[in-house]
Structure formats: structure tokens, C-alpha cells
2 protein chains.
Amino acid sequence: MPLNIRGYAARSATAPLAPHAFERRDPRPDDVVIDILYCGVCHSDLHTARNEWHGTSYPVVPGHEIIGKVSAVGDQVSQFKVGDMVGVGCMVDSCRHCAACDQGLEQYCAELPTFTYNSKDRQDGRMTFGGYSERIVVSDKFVLHIPATLDPKSAAPLLCAGITTWSPLRHWKVGKGSKVAVVGLGGLGHMGLKFAKALGAEVTLFTRSPGKESEARRLGAGYVVLSTDPAQMQAVAGQFDFILDTVPQQHDLNPYLGTLKINGVHVLVGLVEPIEPPVHAANIIFGRRSIAGSLIGGIAETQEMLDFCAKHGISADIEMIAIQDINEAYERMLRSDVRYRFVIDIASLGRAA
Amino acid sequence: MPLNIRGYAARSATAPLAPHAFERRDPRPDDVVIDILYCGVCHSDLHTARNEWHGTSYPVVPGHEIIGKVSAVGDQVSQFKVGDMVGVGCMVDSCRHCAACDQGLEQYCAELPTFTYNSKDRQDGRMTFGGYSERIVVSDKFVLHIPATLDPKSAAPLLCAGITTWSPLRHWKVGKGSKVAVVGLGGLGHMGLKFAKALGAEVTLFTRSPGKESEARRLGAGYVVLSTDPAQMQAVAGQFDFILDTVPQQHDLNPYLGTLKINGVHVLVGLVEPIEPPVHAANIIFGRRSIAGSLIGGIAETQEMLDFCAKHGISADIEMIAIQDINEAYERMLRSDVRYRFVIDIASLGRAA
């Protein structure tokens with residue numbers, strides 16, 4: 001007997017999000033049923049709701065920074081029990097047999113992972129619906145344990161903004177002795193600063209807006225460079241081992257490439273399609289530099305990140321909203337008017353819509 | 001008493017190369033004087049002669065794939081003696097004290113290396129002149145030993161085409177078990193095939209021209225993929241650890257990126273300014289792929305490559321020309337009408353111009 005669920009959905013690219021009733025599948029033996037408490041608001045939610053990446057299937061229920069409590073488990077589930085605080089991020093399944101999945105890199109699944117919303121379930125072919133809703137049903141392999149010492153509200157953004165910045169920092173071995181720069185101070189950027197600092201790196205924030213010094217320092221930056229000021233950019237030429245670029249719009253990579261050391265890496269985590277203005281090859285040929293990309297992170301790595309956050313007292317800086325405020329929150333997100341991530345209190349769904 | 005030298009120079013961006021007499025410095029205590037026997041013809045020579053990279057100072061004497069015999073050495077030179085067969089590549093000096101130089105990465109010298117031609121000597125400020133000439137004077141630290149078992153003629157292109165392809169293959173640890181693709185079958189590409197094969201990799205050639213199968217296989221490729229055929233490209237999706245891209249003109253990187261494995265690297269060695277059409281970030285974000293650049297190679301690494309070539313019987317496939325034929329050779333090079341590198345017999349300078 002499928003579950004009847006209340007949530008918020010976009011019914012077209014131009015419609016605001018509005019209350020929406022839908023069904024979720026009857027739990028399978030490996031499923032965990034989660035009563036959602038909180039859901040972070042990611043820029044991808046807006047891109048998808050408005051069909052900015054094309055391919056949106058309506059109605060779409062966004063949300064992939066999900067925190068909740070287990071309310072039921074299937075017969076085969078041994079790692080979770082009713083009452084556990086758990087999380088769900090951007091993926092709810094993958095092929096589970098390709099080289100990537102075998103390495104715990106489900107995000108790079110050769111057959112593409114099943115995403116938490118706007119994706120087709122691999123077993124029944126029905127569309128997935130995300131965390132702007134009261135309940136979700138997810139295979140246990142894609143459910144995360146939320147350590148007891150983490151505040152569940154501010155842990156929500158760790159499931160996307162957190163892992164998306166953590167994974168490249170770990171893959172490129174950022175640690176003590178690394179000189180790291182983070183481009184952009186938003187939901188992802190503020191996590192990048194916190195993680196790079198906690199991993200032992202010397203951290204710089206690149207920003208286009210003056211006046212962010214004190215905030216950047218509070219979040220872990222030792223230095224702030226105004227990227228619109230050629231003199232400041234020249235002063236950091238050849239300085240960085242690693243640039244974590246969190247800017248979600250097109251921007252010129254060339255000035256940043258010049259600030260990398262020999263063998264330095266500039267990693268994009270935002271789908272800035274396409275990369276324009278074009279990159280000058282000389283900026284990577286001189287210095288053997290790289291431009292790389294990174295997509296969220298694997299499930300085991302996400303658990304590692306959550307455990308690291310619990311140990312180091314790290315979580316996102318958030319602003320709580322009611323789900324009725326989601327459309328206004330999207331507009332504020334577009335103006336970067338949020339420090340640094342909106343989180344929906346799903347209890348607000350209980351109010352009259 | 002400076003040395004009077006005969007050579008060939010371009011006197012303007014539009015003038016053909018023509019006989020030119022000039023002076024070289026009186027040898028310093030660390031200098032090696034080399035009677036040039038052979039000089040390879042690199043695409044960079046043409047770019048510089050025609051001022052296509054701007055910044056050419058006329059007259060310019062190109063040539064940085066130089067093989068010759070030592071005719072004199074300064075008092076401080078201990079590693080070379082009169083009669084030794086030696087080589088000079090793209091660089092004749094560097095700052096010798098930056099982090100790059102300390103690591104043997106003189107090509108990435110923080111103050112830029114002194115290039116073999118069209119560059120300012122660090123000591124006397126005079127312009128450098130390249131190997132299209134009868135004699136050159138070079139500091140011993142930038143002179144290479146040519147092993148006795150290497151044919152001097154076909155060794156000339158190793159000094160640029162060779163090291164430019166060798167260095168990235170080694171830096172990215174290509175070896176047994178690697179799946180490597182080489183883009184382009186020219187002076188650099190044919191060396192890339194030979195080296196990747198000799199290093200133990202499984203090698204594929206990407207080419208836009210049908211009919212290169214037998215040549216590619218002779219040079220080390222196990223497979224040939226016609227990059228203009230979407231079906232052939234689709235058949236190698238996600239296959240390669242490493243792409244060595246030797247194409248010296250602008251071209252679309254996007255189709256190649258899709259043929260990389262997770263963590264795969266696409267390395268540019270040509271100044272394809274700028275990178276257009278633009279790269280789609282999704283092509284690197286999905287798969288954590290990288291686009292990197294690589295510039296020639298360091299001096300120690302160049303010696304390593306020459307010794308490897310001697311041990312494995314590797315050298316360039318060449319066509320010998322007289323220096324009087326250099327302008328025609330440039331035109332043929334532009335039409336890719338050379339298998340695979342022109343080498344000038346400098347003895348031809350002795351003939352009436």
C-alpha cells in the first residue's frame with residue numbers, strides 16, 4: 001500500500017512551488033522510511049524547479065539535504081532502526097556494480113546514479129521526489145547516520161553543500177601545509193572555508209564583494225583577496241596549491257589560474273555551462289596546472305565527512321524557514337541574501353497551506 | 001672576441017627566412033661552444049618567425065632541436081669535452097634559484113626560463129639566437145649528452161617534440177596497465193605513440209583523417225579512432241586514463257573528455273589560444289576529470305628521456321632538408337606534409353646562399 005505524502009512541488013518552469021500530494025512506494029525489504037524533519041535549500045533545487053538545466057519532469061518535489069528520523073525499516077535492514085537520526089543527500093541509488101560503484105564513487109556511476117528528485121527509480125521506473133515533503137523511502141545503502149552530537153538542523157546542508165566541498169578537498173589531499181583558496185562565499189563556499197581550515201590548510205577567500213573580511217575570517221579564512229582588484233590578484237600570483245571554485249554562474253577562470261603554484265589544481269563544483277570566457281591554454285601549460293571538476297561525493301565519503309563534522313564541531317550556518325516561504329527564499333538565494341543556507345522546517349507542512 | 005656566425009633568420013613577420021650573419025658571445029667560464037650539425041624544425045619556429053604569438057624581436061634565428069659537437073669549453077666546464085656529441089633544446093638558462101629550478105623544473109622557472117631563441121640572455125641582455133646556424137654557445141647546465149647509440153640526425157627532434165611528450169607521460173605516471181590516447185599524428189604525436197608504447201601502455205591514436213591505421217600501428221598504437229565519427233567516439237566512452245593532446249590548433253575538447261575514465265586527465269601541450277569552443281563543465285564534473293597543460297620538460301628529465309631512447313632504440317622519424325629549403329618546409333609543415341619532423345642538415349649552410 002503506497003504512502004500518501006504531502007509536500008511542495010513546482011508544476012511548471014514558471015509556477016511557484018505550491019502544496020502537492022503524491023505517493024511514495026511501499027517500502028521494499030532494504031528500505032528505510034524516514035520522517036523528514038529538515039531539508040536544506042540548494043541552488044540545484046531552483047535550477048531544477050525552473051527547468052534551467054532542462055529535463056525537468058513536472059511536478060517536481062525538490063530537496064536533497066534531508067534530515068529525519070527513521071519511522072520504519074524493511075526486513076533486510078540491519079544498520080538502521082526506528083528512531084535513528086539519519087540523512088539523505090543527492091543520490092538514492094546507483095547501479096551498484098560498475099567500477100565507480102565498487103570504489104564507493106556512486107556519484108560517478110557508469111549508468112548514472114538515481115538522484116533524490118527528478119530521476120527515475122531503477123526498479124519501478126517512477127520518478128523520485130525530494131525532501132520538500134513529510135516522508136521519504138530510501139534504500140539503506142543510501143542513508144547516512146547523523147552523529148548524536150550534530151545539531152540536526154544545521155547538519156542538513158552537509159548532505160550536499162558539505163560533501164560537495166569536502167570530497168575535492170580530500171581527493172586532492174588538502175591538509176597541513178596546503179595553501180587553499182575558496183572562490184565564492186555562499187552555501188558551498190562557507191563550508192569550503194570551514195573544511196579547509198579544519199583540515200589544517202592555510203585558507204584564502206576570493207570574493208568580488210568588499211566587506212566580507214570579518215565573516216570570512218570567522219569561517220576559517222586567514223586571508224581575503226578581492227578578485228576584482230588586479231593588484232590584489234597579482235600579489236597572490238603562483239601562491240595556491242588548490243582552488244575550490246564554488247561560483248554557480250559563468251565566470252572567468254583565467255585570473256584565478258595565475259594564482260596557482262606549479263601543479264596547482266582549480267576545481268569546479270558548479271555547472272557553469274559552458275566555461276566562458278574561454279580559458280587560455282598558456283595559463284595551464286605554464287605551470288602544469290589543471291582545471292578539474294568534482295561532483296558531490298560517495299556515500300562512504302559522506303559518512304566520513306559527517307563523522308569529521310561531529311568530531312570537529314562543524315556544521316552549516318543556516319537560516320530556518322517555513323516551507324510556505326520557499327518561493328521568497330529562492331528569490332533571496334538569487335540575490336545571495338542568505339547566511340549561508342536556508343533550511344526548511346518540515347514541521348511547517350502541518351500548517352494549513 | 002665574439003664569434004661571427006652564419007645562420008638563417010626572419011627579418012619580419014612576412015619575410016621568408018634568409019641568410020643572416022650575427023655574433024654570439026665570447027664563451028664564459030661555464031659555456032660550451034657547439035658546432036651545430038642538425039636542427040629539427042618545430043611548429044614554434046614558424047609561429048615565432050611569423051610573430052603569431054606576438055613578441056618576436058627581429059631578426060629572429062629559430063631552432064631549438066639542436067644536435068652538434070663540442071668545439072670548445074670554458075674553464076669551469078667538467079661534464080663536457082671537445083668532440084662530445086651534445087644537444088640543446090628549448091631553454092638555455094633559467095633563474096637557477098626558484099622552487100621550480102630547485103626541483104629540476106626549469107621550464108616552469110618563476111622568472112621564466114631563457115629560451116633558445118627570441119629571449120633575452122640573463123647576463124648580458126642580448127637576444128638569443130637558435131639552431132638555424134652553424135654554432136651556438138650555451139651554459140653547460142643546459143647542454144645534454146647524446147648517447148653514442150643514438151643517430152644524431154633523428155635525435156634532434158627529441159630535444160623538443162620528444163621531451164614535450166615524454167614529460168607529461170612520466171608526470172602522470174603512464175606505464176604498464178595505462179590506457180593512453182594520443183590526439184594528432186604529427187611531430188609530437190608520433191613521439192607520443194612511441195613513448196607511450198615503450199612505457200608499457202595500451203595506446204590509441206585519435207585522428208581526423210582516415211587511412212592512418214598502418215602508420216599508427218607501426219609507431220605503437222594498438223587502436224585508431226576516427227574522432228570525426230560519433231559512433232567510434234561513443235565506442236570508447238570512458239576508456240582512457242590519459243589523453244595526450246598534441247594538436248597545435250584550436251579544436252573542441254568536449255568529445256575527447258567523454259572518452260576519459262573517472263579521474264582521467266586530458267593534457268594539452270599545444271598553445272591552442274584560447275580554448276574554444278568552450279568546455280562544458282559537466283564533462284569534467286561528471287567523472288572528476290581534469291584538463292591540464294604541460295610545457296616541454298626539465299633538463300634532468302630531458303637527459304633521462306635521451307637515455308631511455310638510447311636504451312629502447314627510439315628516435316624521431318625525420319626528413320632531412322637543406323637550410324635553403326626551410327621556407328618550403330614551413331609550407332609543407334602547415335599542410336602536415338611531413339613524416340614526421342624536418343631536420344636541417346646544417347652542413348648545407350656551407351653552400352652559397
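Residues B:Leu150, A:Leu37 ordered from highest to lowest accessible area at a 1.4 Å probe: A:Leu37, B:Leu150.
What's the center-to-center distance, using Cα atoms, between segment A:287-353 and segment B:48-64 in Å? Each part's Cα centre sits 53 Å from the other's. A probe of 1.4 angstrom, applied to the heavy atoms of all protein chains, finds A:Phe129 with accessible area near 40 square angstrom.
When shorter helices are ignored and each DSSP H run of at least 4 residues is given -39500 (n - 2.57), the per-residue value for chain B at 222 nm works out to -6000 deg cm²/dmol.
Accessible surface for B:Tyr38 stands near 30 Å², nearest 10, in the context of the full protein assembly shown (1.4 Å probe). Only protein atoms count toward the accessible area here, which uses a 1.4 Å probe; on the protein assembly as shown, the carbon and sulfur part of that area reaches 51 percent.
On a full-extension model of 0.36 nm per residue, what is the gain between B:Asp102 and B:Thr14, subtracting their alpha-carbon distance, rounded to one decimal in nm?
Numbers: separation 88, 0.36 × 88 = 31.68 nm, distance 4.01 nm.
Stretched fully, the B:Asp102-B:Thr14 segment lengthens by 27.7 nm.
Between copies, the label points of A:Gly177, set 7 Å from Cα on the Cα→Cβ line, lie 2.5 nm apart, reported in increasing order to one decimal in nanometres.
Per residue, what accessible area does chain A have, given a 1.4 Å probe and all protein chains present, in Å²? Write down the numbers at each step before the final one.
Numbers: 13620 Å² over 353 residues.
On a per-residue basis, chain A sits at 39 Å².
Given axes a ≥ b ≥ c from the Cα gyration tensor, I'd like to know whether segment A:257-308 is rounded (a/c under 1.5), prolate (a/b larger than b/c) or oblate. Here segment A:257-308 falls in the oblate category. Label points for B:Gln123 are taken 7 Å from Cα along Cα→Cβ. From this copy to the others they lie 7.7 nm apart, shortest first. Could you tell me which residue out of B:His47, B:Pro29, B:Ala18 lies farthest along the dipole of segment B:1-75 toward its positive end? Charges go on the beta carbon: Lys and Arg +1, Asp and Glu -1, centred on the Cα centre. Among B:His47, B:Pro29, B:Ala18, the one farthest towards the positive end of the dipole of segment B:1-75 is B:Ala18.
Between B and A, buried accessible area from a 1.4 angstrom probe totals roughly 3000 Å², ignoring ligands, DNA and RNA.
Pick out, in residue order, every one of the trypsin sites (Lys or Arg not before Pro) in segment A:49-103 that is DSSP loop and has at most 12 other C-beta atoms within 10 Å; say none if there are none. It would help to have the intermediate numbers written out before the result.
On the way: sites: A:Arg50, A:Lys69, A:Lys81, A:Arg96; in loops: A:Arg50, A:Lys81, A:Arg96.
Here the sparse-neighbourhood loop sites are A:Lys81.
Accessible surface for B:Asp241 stands near 60 Å², nearest 10, in the context of the full protein assembly shown (1.4 Å probe). Close amide H contacts of B:Asp317 (hydrogens built in the peptide plane, cut-off under 5 Å, sequence separation of 5 or more or a different chain): B:Tyr340.
Given axes a ≥ b ≥ c from the Cα gyration tensor, I'd like to know whether segment B:1-142 is rounded (a/c under 1.5), prolate (a/b larger than b/c) or oblate. Judged from the Cα gyration tensor, segment B:1-142 comes out oblate (a/c at least 1.5, b/c at or above a/b). Only one residue of B:Tyr340, B:Gly68, B:Gln103 has its Cα farthest out toward the positive end of the dipole of the protein assembly as shown, where Lys and Arg carry +1 and Asp and Glu -1 on Cβ, and that residue is B:Gln103.
Between amide H atoms placed 1.01 Å from N, distances below 5 Å from B:Phe206 occur with B:Val182, B:Val183, B:Gly184, B:Val225, all of them 5 or more places distant or on a separate chain. Binning all Cα-Cα separations of the protein assembly as shown at 20 Å, short to long from zero, yields these whole-percent fractions: 17, 42, 27, 12, 1.
Only lysine pairs 8 or more places apart or on separate chains count here, and in segment B:162-293 those with Cα atoms under 22 Å apart total 13.
By the scheme Lys and Arg +1, Asp and Glu -1, what is the net charge of all other residues having a beta-carbon under 14 Å from that of A:Ile243?
Details: positive: A:Lys179, A:Lys261, A:Arg289; negative: A:Glu202, A:Asp241, A:Asp245, A:Asp252.
Around A:Ile243, the surrounding residues sum to -1.
The fraction of all Cα pairs in segment A:162-293 landing in successive 5 Å bins from 0 to the largest distance is 2, 12, 24, 26, 23, 11, 3, 0, given as whole percents.
Each listed q (0.14 Å⁻¹) maps to a log10 I(q)/I(0) for chain B, found by the Debye formula over equal Cα scatterers with no solvent: -1.14. For chain A, a Gaussian network of Cα nodes joined below 10 Å ranks A:Ile36, A:Ile275, A:Ile314 by mean-square fluctuation, and the top entry is A:Ile275.
Peptide B:250-261 shows a mean partner chain C-beta count of 1 within 10 Å per residue C-beta.
For B:Gln234, the point set 7 Å out from Cα toward Cβ sits 5.2 nm from its twins in the other copies, listed from shortest up. Counting Cβ atoms of other protein chains within 10 Å of each Cβ in A:104-112 and taking the mean gives 3.
The values are calculated or read from the model by the stated rules, or taken from the named source; none is laboratory data. Note that the structure is predicted; figures quoted are calculated from it, not measured. Virtual Cβ from ideal backbone geometry, glycine too; neighbours counted across all protein chains shown. The accessibility values were calculated without ligands, DNA or RNA, using every heavy atom of the protein model including side chains. Shrake-Rupley method; radii C 1.70, N 1.55, O 1.52, S 1.80 Å.
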